[in-house]
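Working notes, beginning with the structure itself.
The values are calculated or read from the model by the stated rules, or taken from the named source; none is laboratory data. None of these values were measured; they are calculated from a predicted model. Neighbour counts are summed over all protein chains in view; Cβ atoms, including those assigned to glycine, are modelled from backbone coordinates with ideal geometry. Accessible surface is based on the protein model in full, side chains and every heavy atom, while ligands, DNA and RNA are left aside. Shrake-Rupley method; radii C 1.70, N 1.55, O 1.52, S 1.80 Å.
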Amino acid sequence: SSRPPSMEVRAIRLMIELCRKTRCRTHIVHLSSADALPDIEKAKAEGLPLTVETCPHYLTFAADGIPDGATQFKCAPPIRTEENRELLWRALGRGVIDFVVSDHSPCAPELKKFEAGDFMAAWGGIAGLQFTLPAAWSGAKRRGFQLEDVVRWTAEKTADFTGLKAKGRLEKGRDADIVIFDDAALFDVQQGGVLHRHKVTAYTGLRLQGTVAAHYQRGEMIYDNNGNFPAGRRGRALLKRSETWTSPA
């Protein structure tokens, strides 16, 4: 109730109006409220350069099923109702929402204030990077979508949006970033299997469909299904900041 959908809608309407006035590319991050969808759909029909993302936790969880004091579910904007979740899925299927991103938020357990169960004092954010693909696929499959749809939402469109021309698709001339994915396998998320540094995640206890058997980065295996990372750390920055920005706050 401290973060009602009306606040999200007002903020999005402001950004749409600024987009309409300036014609500047405008992106709405981690959309949670389906109440904003009519405004977004209208803006896109006008041809405004507007894009929108949502996150797997808004597509997976519903506020109706979150126990009191379960601060591992706290995020901003918050997880909303089951009806709202289904409207987000429909918008994703229609292309009103462009893609799905993890919005991964790592958090040390003590910052979640588990003992107090205090949502106002707890760190806001959900750690879910590891479960983005299986969570998105689990929900998509139940609603009649195909794995190709999930690939488009999580890889192709995100690479296009960020201008990473070497990423997002399996094509000649692009990096050989390949996930070997068992789309039928079921697994239960357990704390011992969480690969994040901090093991706190809202996905613990959930049964998901789809497991990663191996992951190749630029043609070299970096993860196998035994939980090993044979290549060590190979990550590098893909985007360079063109200018320095300082918050007025």
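Of all the listed residues (R234, R207), the sole one being at pLDDT 95 or above and open to solvent by 50 Å² or more (accessible area, probe 1.4 Å) is R207. If we scan the range 78-89, do we find a residue that is open to solvent by less than 10 Å² (accessible area, probe 1.4 Å), more than 18 Å from R3 (Cβ to Cβ), in contact with a Lys or Arg (Cβ under 6 Å, 6 or more places away or on another chain) and at pLDDT 95 or above? Yes, the range 78-89 contains at least one residue that is open to solvent by less than 10 Å² (accessible area, probe 1.4 Å), more than 18 Å from R3 (Cβ to Cβ), in contact with a Lys or Arg (Cβ under 6 Å, 6 or more places away or on another chain) and at pLDDT 95 or above. Checked against (1) out of contact with any Lys or Arg (no Cβ under 8 Å at 6 or more places or on another chain); (2) outside any loop (DSSP other than H, G, I, E, B); (3) open to solvent by less than 70 Å² (accessible area, probe 1.4 Å), K141 passes all but a single condition, namely (3).
A residue that is aliphatic (A, V, I, L, M), touching an Asp or Glu at 6+ places or on another chain (Cβ under 7 Å), at pLDDT 95 or above and farther than 24 Å from G125 by Cβ can be found somewhere in the range 144-163. Take L92 and tell me if it is more than 24 Å from G124 (Cα to Cα), under 13 Å from the mean Cα position of the chain (by Cα) and hydrophobic (A, V, I, L, M, F, W, C). Here the answer is yes, as L92 does meet what is asked. Here D224 meets each of (1) touching a residue at least 60 places away in the same chain (Cβ under 8 Å); (2) open to solvent by less than 80 Å² (accessible area, probe 1.4 Å) with one exception, condition (1). Could you tell me whether the range 213-223 includes any residue that is within 29 Å of G69 (Cβ to Cβ) and out of contact with any strand residue (DSSP E or B) (no Cβ under 6 Å at 6 or more places or on another chain)? No, the conditions are met nowhere in the range 213-223. Of the residues making up the range 63-77, those that are farther than 20 Å from I16 by Cβ and buried (at least 16 other Cβ atoms within 10 Å of the Cβ) are I66, T71, Q72, F73, K74, C75.
Checked against the criteria, D68 does not count as among the acidic types (D, E), over 18 Å from the mean Cα position of the chain (by Cα) and modelled with pLDDT of 95 or more. When G168, G163, G173, G139 are screened for being under 22 Å from I79 (Cα atoms) and of a type in the set (G, A, S), only G139 passes.
If you go through the range 1-53 and pick out every residue that is acidic (D, E), closer than 30 Å to F119 by Cβ and surrounded by fewer than 15 Cβ atoms within 10 Å (Cβ to Cβ), you end up with 0.
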